[in-house]
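Peer 1: My questions will all concern the structure given below.
The values are calculated or read from the model by the stated rules, or taken from the named source; none is laboratory data. On a predicted model such as this, the values are computed, not experimentally measured, just so you know. Here the Cβ positions follow ideal geometry from the backbone for every residue, glycine too, while neighbour counts run over all protein chains shown. For accessibility, only protein heavy atoms count, side chains too; no ligands or nucleic acids. Shrake-Rupley method; radii C 1.70, N 1.55, O 1.52, S 1.80 Å.
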Amino acid sequence: CNLVQQAAQGFLAATFAPVTFGAGSESITDNYNGHDTSTNPSRYTVPAGRAGVYDLGGGVSIDGGLGFLAAEFRVNGVTVPGTAVAMPTVAGVVARLALRNVMINANVGDYIEIWLFTDIARNTVVTAGIHPSFSIRQVA
């Protein structure tokens, strides 16, 4: 499943929150219906019969502002160790932050998300060639 955010999302200052992937966000067919664009649009939920090893990837883009940006993968609301990344941001420049690719063991019903933190209130950037994205691929 590969998700590409189609509508900008606002984030409050100094708060971690999940990145949502609403209507139109599935750029490659979600063969196992693990993502729902209306109910919990931030989540990929491991479907029945699909427990196993998953390869996660993704990135975020957010509007410019002097400050700090961080992102991480979470499973069932808990940070996946070793996935948190951070960077300083610059006023007037779109910040683009790639998450570390990681493989995880996931059980049926587990949900996987990207969470983002910004120290000032701002929005994700959704424009030609620049979008937050999230890829989830079962490898075993």
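Peer 1: Which distance in nm do the two modelled labels at Phe68 and Val102 give, with both placed 7 Å along the Cα-to-Cβ direction?
Peer 2: Label at Phe68, label at Val102, 1.9 nm between them.
Peer 1: Something else: What value does the stretch 1-77 have for Rg/Rh, both radii from Cα atoms and Rh as Kirkwood defines it?
Peer 2: A ratio of 0.97.
Peer 1: Once you have a ≥ b ≥ c as the square roots of the Cα gyration tensor eigenvalues for the stretch 67-140, tell me rounded if a/c is under 1.5, and otherwise prolate or oblate according to whether a/b is larger than b/c.
Peer 2: Prolate is the answer for the stretch 67-140, as a/c is 1.5 or above and a/b outweighs b/c.
Peer 1: Additional query: Taking amide H positions as placed 1.01 Å from N in the peptide plane, with prolines and chain starts having none, which residues 5 or more places from Leu69, or on another chain, fall under 5 Å of its amide H?
Peer 2: Those qualifying (amide H under 5 Å, at least 5 residues apart or on another chain) are Met87, Thr89.
Peer 1: For Val78 and Ala48, what is the calculated FRET efficiency with R₀ set at 22 Å and r taken between the beta-carbons, to the nearest 0.05?
Peer 2: After rounding to 0.05, the efficiency reads 0.50.
Peer 1: Continuing with the same structure: Can you compute the equivalent ellipsoid semi-axes for the chain, i.e. the square root of 5 times each eigenvalue of the Cα gyration tensor, sorted largest first and rounded to whole Å?
Peer 2: After scaling each eigenvalue by five and taking roots: 25, 16, 12 Å.
Peer 1: Okay, moving on. Length gain on complete extension for the stretch Met87 to Arg137, per 0.36 nm per residue less the alpha carbon to alpha carbon distance?
Peer 2: This chain segment gains 15.4 nm when fully extended.
Peer 1: Under 5 Å between amide H atoms, partner at least 5 residues away or on a different chain: which partners does Gln6 have, H built in plane at 1.01 Å?
Peer 2: Residues meeting the amide H criterion: Gly22.
Peer 1: Using a 1.4 Å probe on the protein chains only, how many percent of the accessible area of the stretch 12-140 belongs to carbon and sulfur?
Peer 2: It is 55 percent, rounded to a whole number.
Peer 1: Over all distinct alpha-carbon pairs, what is the Kirkwood Rh of the stretch 56-99 in angstrom?
Peer 2: Taking every pair of different Cα atoms in the stretch 56-99, averaging 1/r and inverting gives 11.1 Å.
Peer 1: A further question on this structure: Can you work out the Karplus-derived ³J(HN,Hα) for every residue in the stretch 43-49? Use 6.51 cos²θ - 1.76 cosθ + 1.60 with θ = phi - 60°, whole Hz, and x for glycine or proline.
Peer 2: 9, 10, 9, 5, x, 4, x
Peer 1: Ordered by residue, what ³J(HN,Hα) values in Hz, to whole numbers, does the stretch 98-108 give under the Karplus form 6.51 cos²θ - 1.76 cosθ + 1.60, where θ = phi - 60° and Gly and Pro are x?
Peer 2: 8, 7, 5, 5, 8, 10, 10, 8, 9, 9, 3
Peer 1: Hey, another quick one. With +1 on the Cβ of every Lys and Arg and -1 on the Cβ of every Asp and Glu, and nothing else charged, how large is the dipole of the chain about its Cα centre, in debye rounded to the nearest 20?
Peer 2: Rounded to the nearest 20 debye, it is 140 debye.
Peer 1: Using θ = phi - 60° and the Karplus form 6.51 cos²θ - 1.76 cosθ + 1.60, what ³J(HN,Hα) does each residue of the stretch 70-86 get, whole Hz, x for Gly and Pro?
Peer 2: In residue order, the calculated couplings are 9, 8, 7, 8, 10, 10, 6, x, 10, 4, 7, x, x, 9, 5, 10, 8 Hz.
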